[in-house]
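**Q** Before anything else, here's the structure in question.
Derivation of every value follows stated rules applied to the coordinates shown; laboratory data play no part. This structure is a prediction, so every number in the text was calculated from the model and none was measured. Positions of Cβ are backbone-derived with ideal geometry, glycine not excepted, and every protein chain shown enters the neighbour counts.
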Amino acid sequence: MISRLAAFLFAILPVAAHAQAPESVMVVEAYSGKILVGANSAVKRPVASLTKMATAVVAVDWATATGTDINQFVLTAPQTVTLVGGPNPMNLQPGDTLTLRDALYSALLGSDNLAALTIADNIGRQILAKRGKNGDPVALFVAEMNKLAKFCGMTQTKFVNPHGLERPGAQGFSTAVDMARLGVVTMRRNAINFIVRQKDRRISVTGAGGVRSFLVRNSNELVGEEGILGIKTGTTTAAGPCLATCMDKQPLIRTKPDGTKGATPRRLIVVVLNSPDRFGRTRTLLDQGWAAYDAWLAAGAPLKDPKREILSIPKEP
């Protein structure tokens, strides 16, 4: 059986070595950055709607920076939503309006591509206006997504749209290790953390016929299990079934050398790409990850090669 250290090294070998890998996996403890399980983690491949994690982070960070209340800021669905396929749980039509909060619920829980595009279009327009420029608002928003990726050290990632659908001539890609970095950063945002842990949410859209109400259900079937905070599902033909999951456990209370007690928070981020049984695989990886992490802590958190054993993620983009 391959050792855990060998698995870690295997996870970050050059992409070309694993070009035909059927599945990519990454498990990391979010606070320490400790890599716990990895396989084919540096393989560049489509990641489908896991892309929407970056969309949500850019949107929430914009709202925070501008003092915008996501509960009150109203978006208008652009004409281009008619060109986007995939789930449309709100039956969103051009000209419909909804709050940024409800658009985030639909994009993150219902994997709504039209909601993701609407977020990008509206916030992109706000950024363009602030900078006194003209241009494609969605392209500008996607550029911000790629700036986020660069800041987070996601060197093998390229976003080409805010929803993750593959388009001819514009193929986005990432890796399991980069998606793990993004998962850590995503779950630092309290607004997103709150949204993705909900099993469902009733939201509303205003259109030509008045207000429409919808119950959007979380596509992550793990949500509701103990400690699971959710994050994002994704599936396309090219990407296969994908899942990014966050799970918390109660902090460990330990006695420090000076006799005082300290709390060590514990959070796992699990990413599986192109996994036929993404939910079952994630459950198994969570068990493996917790066992490895707790054993590592009990041994005194030793590190032989920090550059390979610790996932470096900036504290705050």
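**Q** Nearest 10 degrees, 0 to 90: what angle lies between the long axis of helix 52-66 and the longest principal axis of the chain (Cα atoms)?
**A** Roughly 70 degrees between the two axes.
**Q** Check which residues have an amide H placed less than 5 Å from G230's amide H, if you skip close sequence neighbours.
**A** C246
**Q** Whole-Hz ³J(HN,Hα) for each residue in the range 143-152, computed from phi via Karplus 6.51 cos²θ - 1.76 cosθ + 1.60 with θ = phi - 60°, x for glycine and proline: what do you get?
**A** Coupling constants for the range 143-152: 4, 5, 4, 6, 5, 4, 4, 4, 4, 7 Hz.
**Q** Could I ask something else about it? Would you mind classifying the chain by shape? Square roots of the alpha carbon gyration tensor eigenvalues, ordered a ≥ b ≥ c; an a/c under 1.5 is rounded, otherwise it is prolate if a/b is larger than b/c and oblate if not. Please list the in-between numbers first.
**A** Working: a/c = 1.85, a/b = 1.60, b/c = 1.16.
Prolate, since a/c reaches 1.5 and a/b exceeds b/c.
**Q** In addition: Under 5 Å between amide hydrogens, which residues at least 5 positions from T236 or on another chain qualify, with H placed 1.01 Å from N in the peptide plane?
**A** none
**Q** If you don't mind, another one. To the nearest 20 debye, what charge dipole does the range 100-220 have about its Cα centre, counting +1 at the Cβ of each Lys and Arg and -1 at the Cβ of each Asp and Glu?
**A** On the way: 18 positive and 8 negative charges, 78 e Å.
Rounded to the nearest 20 debye, it is 380 debye.
**Q** Continuing with this model, one more query. What is the magnitude of the charge dipole of the chain about its Cα centre, with +1 placed on the Cβ of each Lys and Arg, -1 on the Cβ of each Asp and Glu, and no other charges, expressed in debye to the nearest 20? Mind showing how you got there, number by number?
**A** Numbers: 37 positive and 24 negative charges, 112 e Å.
It works out to roughly 540 debye.
**Q** Could you work out how much longer the chain between T264 and D287 gets when fully extended? Use 0.36 nm per residue separation minus the Cα distance between them, nm to one decimal.
**A** Details: separation 23, 0.36 × 23 = 8.28 nm, distance 1.88 nm.
Net length gain for the segment: 6.4 nm.
**Q** For the range 4-309, with the dipole built from +1 on Lys and Arg beta-carbon atoms and -1 on Asp and Glu ones, taken about the Cα centre, which of I269, N161, P302 lies farthest toward the positive end?
**A** P302
**Q** Against the longest alpha carbon principal axis of the chain, how many degrees, from 0 to 90 and to the nearest 10, is the axis of helix 113-131 turned?
**A** Roughly 80 degrees between the two axes.
**Q** On to the next question. Fully extended, how many nm does the chain gain between A143 and N193 (0.36 nm per residue separation, minus their Cα-Cα distance)? Please list the in-between numbers first.
**A** Details: separation 50, 0.36 × 50 = 18.00 nm, distance 2.36 nm.
Separation in residues times 0.36 nm, less the Cα-Cα distance, equals 15.6 nm.
**Q** Let me ask something else. To the nearest 10 degrees, how steep is helix 278-298 against the longest Cα principal axis of the chain, on a 0 to 90 scale?
**A** Once rounded, the angle reads 40 degrees.
**Q** When L229, L92 are ordered from fewest to most other Cβ atoms inside 10 Å of their Cβ, what list results? Intermediate values should be presented prior to the final figure.
**A** Numbers: L229 19, L92 25.
Ranking L229, L92 by Cβ neighbours within 10 Å, fewest first, gives L229, L92.
**Q** Same structure again: Where does the chain land at 222 nm, in deg cm²/dmol rounded to the nearest 500, when only DSSP H runs of n ≥ 4 count, each adding -39500 (n - 2.57), divided by all residues? Let's see the in-between values first.
**A** On the way: 9 runs with 110 residues, N = 317.
Counting only the DSSP helices, I get -11000 deg cm²/dmol.
**Q** Using a Förster radius of 25 Å, what is the FRET efficiency between D69 and L252 based on their Cβ-Cβ separation? Nearest 0.05, please. Don't skip to the answer; put the middle values down first.
**A** Numbers: r = 36 Å, r/R0 = 1.46.
After rounding, the FRET efficiency stands at 0.10.
**Q** Residue by residue through the range 300-312, which ³J(HN,Hα) values in whole Hz follow from phi under the Karplus form 6.51 cos²θ - 1.76 cosθ + 1.60 (θ = phi - 60°), with glycine and proline marked x?
**A** x, 6, x, 9, 8, 9, x, 5, 9, 9, 10, 7, 7
**Q** Oh, and also: Tell me, how many Å apart are the Cα centres for the range 172-224 and for the range 256-296?
**A** The range 172-224 and the range 256-296 have Cα centres spaced 22 Å from each other.
**Q** From the phi of every residue in the range 258-269, what ³J(HN,Hα) in whole Hz does the Karplus formula 6.51 cos²θ - 1.76 cosθ + 1.60 yield, where θ is phi - 60° and glycine or proline is x?
**A** My calculation for the range 258-269 gives 7, x, 7, 9, x, 9, 10, x, 9, 8, 9, 10 Hz in order.
**Q** What does the charge dipole of the range 231-293 about its Cα centre add up to, to the nearest 20 debye, if the Cβ of each Lys and Arg holds +1 and the Cβ of each Asp and Glu holds -1? Intermediate values should be presented prior to the final figure.
**A** Details: 10 positive and 4 negative charges, 36 e Å.
Approximately 180 debye in magnitude.
**Q** Using the charge dipole of the range 4-309 (Lys, Arg: +1 at Cβ; Asp, Glu: -1 at Cβ; taken about the Cα centre), state which of G210, A170, G85 has its Cα farthest towards the positive end.
**A** So the residue furthest toward the plus end is A170.
**Q** Name the long-range amide H neighbours of T99: under 5 Å, sequence gap of 5 or more, or other chain; modelled H, no Pro or chain starts.
**A** Amide H to amide H, under 5 Å and 5 or more residues apart or across chains, T99 pairs with L75.
**Q** Determine, for K249, K304, K44, the number of other Cβ atoms within 10 Å of each Cβ, and report the residues in order from fewest to most. Each step should come with its number before you reach the end.
**A** Working: K249 14, K304 8, K44 17.
By the 10 Å Cβ count, ascending, the order reads K304, K249, K44.
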